[in-house]
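These notes concern the structure reproduced below.
Read the figures in this text as sums done on the coordinates, not as results from a lab. Since this is a predicted model, take the numbers as computed values, not measurements. Methodologically, a virtual Cβ is constructed for each residue, glycine included, from the backbone with ideal geometry; neighbour enumeration extends over all protein chains shown.
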């Protein structure tokens, strides 16, 4: 039987977007760090945050992971893991020259973009990369080839003003965590200006980014407030907020966890949408739902646009251990 306080809580509808949270690439990267600690003991060094989420990073630190900015911060005699975002070719080359044990946690879908860029380079193509300057994935992709080989296109304006050396010999790759709609706009400009441009065989924007954005679009118009759980340095999480606003959410904000909920904003909403970026663990979503349930009589509506069953294998070095 409900208590009086439960009965008097104001009603709230919660639209739970699905898919949300961890993707296969993030799940694999975290497992790689965990299994490396299990196999070699602590400490294990990780070059760059394994994924862009402080909760994940802090949990792995407690297990014995040490996160560093450069390979120069790692000793020769301890294993090092490269983050899910990918690294320039020079990084594993340096690790090899120092006889280090290293494990590459680059998402296989990011590696696919690296391979595409390499193939275009071998065919003497002029390579364009749609992405965000300074993002680790962009640094890693551009670092697959000699300096100056890849030109970064960040905006529609960049696409409009770019002047090709040879309009018949251009190729395009993209960062995997971009806004599907914004990228389509940039691609359309480049295709119109350069009809002969070589496109990826399959979309570079990853399935998880595409699915999470589609789930946001499915709920956005109904939302007085859309909450997206994710790190403020997480590209795919930031894109979810942008997509939500464009798709009709009255308000859309990024929060790291339940502790960051703006209760004044919540008090003005009757229908709230909830999603999580691809590097946000599900327990953070559970925490937000629990926090809402403490204050409101919450009716949860699960809105699922597709099911995900993709799993990526661990590196051979760790599969042998298992």
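What is the list of residues in the stretch 156-182 whose amide nitrogen lies under 16 Å from a point 7 angstrom out from the Cα of residue 201, following Cα to Cβ?
172-174
Note the full-extension length gain between residue 267 and residue 180 as 0.36 nm times their separation in residues minus their Cα-Cα distance, in nm to one decimal.
Working: separation 87, 0.36 × 87 = 31.32 nm, distance 3.17 nm.
My answer for the length gained is 28.1 nm.
Subtract the Cα-Cα distance of residue 151 and residue 311 from 0.36 nm times their separation in residues, and report this length gain in nm to one decimal.
54.4 nm
For the stretch 221-286 and the stretch 83-129, what is the separation of their C-alpha centers, rounded to whole Å?
33
At R0 = 45 Å, how high is the FRET efficiency between residue 124 and residue 232 if r is their beta carbon distance? Nearest 0.05 is fine.
Details: r = 40 Å, r/R0 = 0.89.
Efficiency, from the Cβ-Cβ distance: 0.65.
Only Cα pairs under 8 Å and at least 6 apart count here; give the relative contact order of the chain as a rounded whole percent. Mind dumping the intermediate values first?
On the way: 621 pairs, mean separation 83.8, N = 322.
Reported as a whole number, the value is 26 percent.
What number, in percent, do you get for the relative contact order of the stretch 164-322 if the mean sequence gap of Cα pairs under 8 Å and at least 6 apart is divided by its residue count? Could you put the intermediate results ahead of the total?
Values: 212 pairs, mean separation 34.4, N = 159.
Averaging sequence separation for qualifying contacts and normalising by length gives 22 percent for the stretch 164-322.
State the antiparallel share, in %, of DSSP beta bridges confined to the stretch 38-149, rounding to the nearest 5. Before the final figure, lay out each step's value.
Details: 0 of 10 bridges.
Of all bridge pairs located within the stretch 38-149, approximately 0 percent are antiparallel.
List the relative contact order of the stretch 110-193 as a percent without decimals, with contacts defined as Cα pairs under 8 Å and 6+ residues apart.
Working: 95 pairs, mean separation 32.5, N = 84.
The normalised contact order for the stretch 110-193 reaches 39 percent.
Could you work out [θ]222 nm for the chain from helices alone, using -39500 (n - 2.57) per DSSP H run of at least four and dividing by all its residues? Round to the nearest 500 deg cm²/dmol. Present the calculation step by step, with values, prior to reporting the outcome.
Details: 13 runs with 132 residues, N = 322.
-12000 deg cm²/dmol, from helical runs alone.
Please determine, in degrees from 0 to 90 and to the nearest 10, the orientation of helix 235-246 with respect to the longest principal axis defined by the Cα atoms of the chain, where the helix direction is its Cα long axis.
50
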